[in-house]
Amino acid sequence: GVCGKKRGGGGYFLPLSGGADSSSTAALVGSMCQQVVEAIQEGNEAVLADVRKIVREEKFVPKDSKDLASRIFHTCYMGTTNSSKETRDRAKKLANEIGAYHLDISIDSIVSSMVELFTTITGRTPKFKVHGGTTQENLALQNIQARLRMVLSYLLAQLLPWVRGRQGFLLVLGSANVDEALRGYMTKYDCSSADLNPIGGICKGDLKRFLLWASKELGYPSLASVVTATPTAELEPITKGYVQSDEADMGMSYEELGIYGKLRKVA
């Protein structure tokens, strides 16, 4: 089954950043929940039986898609001092619209611990570029945040069912679009290294069009603000003179990057 029901899976876990990629993944799960509930309401006994196996409730009948999502879909905003209130709020709003079990946490303590361990080992302390560090230091400090998020994701995916008094585990969902994979604009073993990556073959332009559609057709209005927001990894400190931008980091716009994807299919 799609939630790993044959192996003991009890749903999904998604690191939800409030950006376009993870919001698209979340919307897809929300859409799935809507379709499942619709099938059950139409009398599809096979679908209902599968849902009961996944949630491990013999008499469970979801009242609506939010009721189902609250049991099988787990999201988590993993903020740091580099994160903004805007992305935090967008993640929370979308999770609420879908009905997901949502956590809003800070991972600064584990990031600091990793940097402190590096300092203990080497006697050197890396700095961000805005604090006088080199490009090498700057990239390393960004990458460790992204990788630690995925390490924590797998811990939460294994133990959140236990925390909630349930059995099984959760499948970790990734949110790496095809444009960034082609460009190499990604951190190895971050959100690109999950159990499933529903948007792995979709370009950024199509994702934005999907988000606009989903904001109206799926009943997730917060997605409209995701589309208009500047894409940013939020891995570097925000200062008065600098705010990180994906397109600036890549040296090209997502529209230009999308051309690479089209050429890939033509070649």
* Express the carbon and sulfur contribution to the solvent-accessible surface of the chain as a percent, rounded to the nearest whole number, probe 1.4 angstrom. => 56 percent
* Contact order relative to length of the chain, as percent, for alpha carbon pairs under 8 angstrom and 6 or more apart -> 23 percent
* Using +1 on the beta carbon of Lys and Arg, -1 on that of Asp and Glu, and nothing else charged, what's the dipole of region 137-227 about the Cα centre, debye to 20? -> 180 debye
* Asked: Can you tell me the Rg and the Dmax, both Å, for the Cα atoms in the chain?
  -> 19.5, 65
* Straight-line reach from LYS66: which aspartates and glutamates have Cα under 18 Å away, leaving out those fewer than 8 places along the same chain? -> GLU38, GLU42, ASP50, GLU57, GLU97, GLU217
* Structure fact -> Highest GNM mean-square fluctuation among GLN145, GLN244, GLN35, for the chain with Cα springs under 10 Å, belongs to GLN35
* Expressed as a whole number of Å, what is the distance separating the alpha-carbon centroids of region 28-65 and region 165-198? -> 25 Å
* To do: With unit charges on the beta carbon (Lys/Arg positive, Asp/Glu negative), name the residue among ALA181, THR232, GLN41 whose Cα is farthest towards the positive pole of the charge dipole of the chain.
  => GLN41
* Whole number please: convex hull volume per residue, Cα atoms of region 121-267, in Å³. => 182 Å³
* Quick one: dipole size for the chain, taken about the Cα centre, charges +1 on Lys/Arg Cβ and -1 on Asp/Glu Cβ, in debye to the nearest 20. => 460 debye
* Cα-based Lys pair tally, region 153-267, threshold under 26 Å, eight or more apart or on separate chains -> 10
* Asked: If you count, for each residue, the other Cβ atoms within 10 Å and average over each peptide, how do 22-30, 37-45 line up from highest to lowest?
  -> 22-30, 37-45
* Structure fact -> In nanometres, the difference between 0.36 nm per residue of separation and the alpha-carbon distance of ALA140 and LEU196 is 17.6 nm
* Output the antiparallel fraction of DSSP beta bridges having both residues in the chain, as a percent to the nearest 5. => 5 percent
* To do: Diagonalise the Cα gyration tensor of region 42-145 and give the resulting equivalent ellipsoid semi-axes, square root of 5 times each eigenvalue, largest first, whole Å.
  => 44, 16, 10
* Name the lysines eligible as straight-distance cross-link partners of LYS53: C-alpha to C-alpha under 16 Å, and not fewer than 8 places from it in the same chain. => LYS5, LYS6
* Asked: In a shell of Cβ-Cβ distance under 14 Å around SER225, excluding SER225 itself, what net charge do Lys and Arg (+1) and Asp and Glu (-1) give?
  -> +4
* **Under 5 Å, built H, 5+ apart or other chain: amide partners of TYR12** => PHE73, HIS74, LEU171
* So what's the net charge close to ASP89: Lys and Arg +1, Asp and Glu -1, counting the other residues with Cβ under 13 Å from its Cβ? -> +2
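The values are calculated or read from the model by the stated rules, or taken from the named source; none is laboratory data. Every value quoted in this text rests on a predicted model; they were computed, and no experiment measured them. Note that we place each Cβ from the backbone using ideal geometry, even for glycine, and neighbour counts take in every protein chain shown. Areas reflect the complete protein model, heavy atoms only, side chains present, ligands, DNA and RNA absent. Shrake-Rupley method; radii C 1.70, N 1.55, O 1.52, S 1.80 Å.
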